[in-house]
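The values are calculated or read from the model by the stated rules, or taken from the named source; none is laboratory data. All values reported here derive from a predicted model rather than from experimental measurement. Virtual Cβ from ideal backbone geometry, glycine too; neighbours counted across all protein chains shown. Heads up: the accessible areas ignore ligands, DNA and RNA and are worked out on the full protein's heavy atoms, side chains in. Shrake-Rupley method; radii C 1.70, N 1.55, O 1.52, S 1.80 Å.
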There are 4 protein chains.
Amino acid sequence: MIIKIFTTGGTFDKIYFDALSKFSFGEPIIGELLVEANVSFAYDIVTLMQKDSLDIDDADRQLIRDTITAVENQHILITHGTDTMVDTANSLFDIDGKTIVLFGAMQPARMRYSDAMFNLGVASAAVQLLPPGVHIAMNGQVFDPRKVHKNRAKGRFEANCD
Amino acid sequence: MIIKIFTTGGTFDKIYFDALSKFSFGEPIIGELLVEANVSFAYDIVTLMQKDSLDIDDADRQLIRDTITAVENQHILITHGTDTMVDTANSLFDIDGKTIVLFGAMQPARMRYSDAMFNLGVASAAVQLLPPGVHIAMNGQVFDPRKVHKNRAKGRFEANCD
Amino acid sequence: MIIKIFTTGGTFDKIYFDALSKFSFGEPIIGELLVEANVSFAYDIVTLMQKDSLDIDDADRQLIRDTITAVENQHILITHGTDTMVDTANSLFDIDGKTIVLFGAMQPARMRYSDAMFNLGVASAAVQLLPPGVHIAMNGQVFDPRKVHKNRAKGRFEANCD
Amino acid sequence: MIIKIFTTGGTFDKIYFDALSKFSFGEPIIGELLVEANVSFAYDIVTLMQKDSLDIDDADRQLIRDTITAVENQHILITHGTDTMVDTANSLFDIDGKTIVLFGAMQPARMRYSDAMFNLGVASAAVQLLPPGVHIAMNGQVFDPRKVHKNRAKGRFEANCD
């Protein structure tokens with residue numbers, strides 16, 4: 001079993017770029033985190049895009065769908081910005097035979113203090129333990145994308161009708 | 001659902017104590033990590049002991065068993081040293097109706113570079129997703145304690161007969 | 001001797017603000033760093049402003065001058081964005097009887113990997129060791145502001161006519 | 001000017017060695033810290049020994065003396081355990097023409113929370129700003145080794161007759 005990891009950008013991979021006094025995307029950091037985590041499962045990382053999820057459009061979602069469908073792997077992790085993670089997740093529901101887990105972070109992995117590493121742990125467990133389907137792993141929980149939303153004010157994901 | 005977290009010591013909670021030029025146990029750090037992780041599940045932390053797992057004996061295991069049995073919680077996380085985590089896990093198999101996940105770390109959570117936060121993520125997912133039983137969450141995988149051992153040379157957990 | 005520390009913003013104090021997918025200013029972090037550094041000198045921190053140094057104008061520089069002149073302290077540290085640190089430093093040369101050291105960071109102190117803490121150490125030493133005058137402490141060196149510029153391409157400060 | 005850096009061990013370079021459930025010496029980390037610090041001065045690192053300073057004896061001190069005397073560099077930094085840093089510093093006073101600064105840390109540089117990077121900053125400034133002689137840089141201050149002691153209870157260096 002090889003877990004396929006697709007990175008799409010989002011807060012997870014942000015770096016601080018002094019010359020512009022702002023945050024930009026850095027090289028996906030997830031490979032370094034998996035080494036630090038001392039994981040023993042096999043994985044393969046592919047960068048599909050580097051975008052804030054507010055900038056992810058239908059064409060991007062089509063690319064994500066097509067790539068997931070095209071690979072043989074049955075266990076898929078996707079790092080994604082949190083703002084439209086639910087939308088992307090819900091666009092993947094008709095893919096058969098694969099366990100797909102989307103996750104991201106509220107603080108870049110490169111910050112001293114961040115939820116990124118923890119979320120990676122939650123998602124890594126979820127993708128190995130759950131049956132085929134699409135899930136979101138944030139805030140220490142695993143959600144059905146059809147029944148969750150990001151509470152922007154609180155900066156966390158919550159089940160609908162909470 | 002409130003996840004009950006029992007800490008027993010191990011590498012996870014080690015601090016560096018300059019006056020002795022050595023590592024000792026510090027206050028359990030797991031509460032701080034869960035805040036950093038921005039989790040939204042409810043939990044309650046209890047420190048049972050602070051020991052290297054090579055020093056955990058039958059009386060200690062009896063205490064761990066009795067405490068798990070006594071609480072109402074059905075979802076139990078246990079931080080534990082990695083050297084005898086398998087032994088402790090295997091001593092808990094006859095507890096009914098509870099999902100119990102043991103985990104620890106090869107590098108203290110207080111190190112700049114550590115597997116602790118990731119392992120906490122894996123275990124947090126496992127304890128919510130798995131049915132009643134006992135599990136070990138290390139190296140990004142969830143193991144049946146009856147079929148795993150710590151490979152000391154490699155510093156990682158491996159399924160038996162690998 | 002009490003070292004007076006004025007914070008003006010800059011990269012040093014940047015935080016990541018997920019709701020805006022960008023970096024903003026957080027509460028000045030220098031107090032926390034000095035505790036982590038285990039310093040035994042006395043200091044007092046005052047936040048004058050929170051600006052990128054490209055936004056610091058003559059009125060701001062006048063405020064910085066006037067405040068330094070008004071306090072009794074003879075040892076002054078100033079955290080400042082790197083883009084116009086030289087300009088601010090050069091505007092302070094006619095203040096008598098005070099050792100003034102400006103410093104900042106190319107990576108926010110809140111990043112896992114940052115020059116902020118090191119720069120604070122260099123500046124802390126410089127302000128205690130140097131005679132009255134104005135200095136810039138960056139990249140592990142102490143510069144005369146009249147003879148230094150920020151090499152933006154290389155992201156570091158260099159003596160003029162290098 | 002090339003700063004010569006001699007490492008002798010001490011808390012600064014400690015790592016956690018899980019197999020022994022204890023701290024040991026790791027490869028000197030100071031080179032990595034200087035890269036993180038984005039320094040622009042030239043330096044050269046030599047590992048003389050890796051010892052807790054309580055284990056540093058007269059033969060070791062002789063080695064340190066002889067090596068400092070033998071090199072051409074006039075600017076010397078020495079990382080050293082804090083317990084006998086004063087003793088080693090005081091054994092170097094009759095070396096002419098060199099600015100020698102000893103420093104260390106109360107928490108290993110590899111900890112998330114450490115004074116190591118800050119102390120490196122203080123020492124880097126001190127070795128460039130001070131005239132020939134021997135100095136200790138700890139707790140944000142630069143001390144004359146003949147007039148300082150380590151207050152073990154408080155875990156900090158203090159001038160004598162404070």
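Counting only residues that are at pLDDT below 95 and in a helix (DSSP H, G or I), region C:14-42 holds 3 of them. Any residue that is among the β-branched types (Val, Ile, Thr) and within 26 Å of A:Ser91 (Cβ to Cβ) - is there at least one of those in region A:10-21? Yes: one or more hits. Whenever a residue of region D:99-121 is closer than 24 Å to D:Ile68 by Cβ and facing chain C (nearest Cβ under 7 Å), its partners that are open to solvent by less than 10 Å² (accessible area, probe 1.4 Å) and polar (S, T, N, Q), lying with C-beta atoms within less than 7 angstrom and at least six residues away or across chains, give the pairs D:Gly121/C:Asn119. Selection of first residues in region D:134-148 that are polar (S, T, N, Q) and of second residues that are crowded, with 22+ Cβ neighbours inside 10 Å and outside any strand (DSSP E or B), restricted to Cβ pairs under 6 Å at least 6 apart or on distinct chains, gives the following pairs, ordered by first then second residue: D:Asn139/C:Val39. Among the numbered conditions (1) under 22 Å from B:Pro108 (Cα atoms); (2) within 16 Å of the chain's Cα centre (by Cα), the only one that D:Ser24 does not meet is (2). Based on what the data block shows, is A:Leu54 within 15 Å of the chain's Cα centre (by Cα) and surrounded by fewer than 22 Cβ atoms within 10 Å (Cβ to Cβ)? So A:Leu54 passes the test. Just one residue in the set D:Met85, D:Met1 is over 19 Å from B:Met111 (Cβ atoms), open to solvent by 30 Å² or more (accessible area, probe 1.4 Å) and in contact (Cβ under 8 Å) with a residue 60 or more places away in the chain; that residue is D:Met1. Among the residues of region A:25-42, those identified as away from chain B (no Cβ under 14 Å) and surrounded by 13 or more Cβ atoms within 10 Å (Cβ to Cβ) are A:Phe25, A:Gly26, A:Pro28. Among the residues here, D:Ile45 does not qualify as hydrophobic (A, V, I, L, M, F, W, C), buried (at least 19 other Cβ atoms within 10 Å of the Cβ) and part of a strand (DSSP E or B). For region B:78-133, a tally of residues being assigned to a loop (DSSP other than H, G, I, E, B) and of a type outside the set (Ser, Thr, Tyr) returns 22. Taking every residue in region B:43-61 that is closer than 18 Å to B:Ala105 by Cα and pairing it with any residue that is open to solvent by 40 Å² or more (accessible area, probe 1.4 Å), at least 6 positions away or on another chain, the pairs with Cβ-Cβ distances below 6 Å are B:Gln50/B:Phe25. Looking only at region D:107-116, decide whether some residue is basic (Lys, Arg) and closer than 30 Å to B:Ser24 by Cα. Yes, that holds for at least one residue. Only one of the numbered conditions (1) touching a residue at least 12 places away in the same chain (Cβ under 8 Å); (2) more than 16 Å from the chain's Cα centre (by Cα) is violated by B:Gly31, and that is (2).
If we scan region A:113-123, do we find a residue that is modelled with pLDDT of 95 or more and surrounded by fewer than 16 Cβ atoms within 10 Å (Cβ to Cβ)?
Taking every residue of region A:113-123 in turn, at least one turns out to be modelled with pLDDT of 95 or more and surrounded by fewer than 16 Cβ atoms within 10 Å (Cβ to Cβ).
When C:His80 is tested against (1) closer than 25 Å to A:Ala19 by Cβ; (2) in contact with an Asp or Glu (Cβ under 7 Å, 6 or more places away or on another chain), just one condition goes unmet, and that condition is (2). For region C:1-24, a tally of residues being more than 21 Å from A:Lys14 (Cα to Cα) and more than 14 Å from chain D (Cβ to nearest Cβ) returns 4.
Mind counting the residues in region A:4-24 that are in contact with a strand residue (DSSP E or B) (Cβ under 8 Å, 6 or more places away or on another chain) and open to solvent by 40 Å² or more (accessible area, probe 1.4 Å)? Qualifying residue count for the region: 3. Scan region B:135-158 for residues that are part of a loop (DSSP other than H, G, I, E, B) and either facing chain A (nearest Cβ under 10 Å) or over 21 Å from B:Ile68 (Cβ atoms) (or both) and the total you get is 6.
Each row is one residue, and each column tells you yes or no for (1) open to solvent by 30 Å² or more (accessible area, probe 1.4 Å); (2) more than 14 Å from chain D (Cβ to nearest Cβ); (3) within 15 Å of C:Ile5 (Cα to Cα).
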position: C:Asn90; (1), (2), (3): yes, yes, no
position: C:Asp96; (1), (2), (3): yes, yes, no
position: C:Ala125; (1), (2), (3): no, no, yes
position: C:Gln128; (1), (2), (3): yes, no, yes
position: C:Gly133; (1), (2), (3): no, no, no
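Of all positions in region B:78-88, none carries a residue that is touching a Phe, Trp or Tyr at 6+ places or on another chain (Cβ under 8 Å), among the β-branched types (Val, Ile, Thr) and either modelled with pLDDT under 95 or farther than 30 Å from D:Ser24 by Cβ (or both). Taken over region C:145-157, residues that are open to solvent by less than 40 Å² (accessible area, probe 1.4 Å) and within 11 Å of C:Val86 (Cα to Cα) amount to 4.
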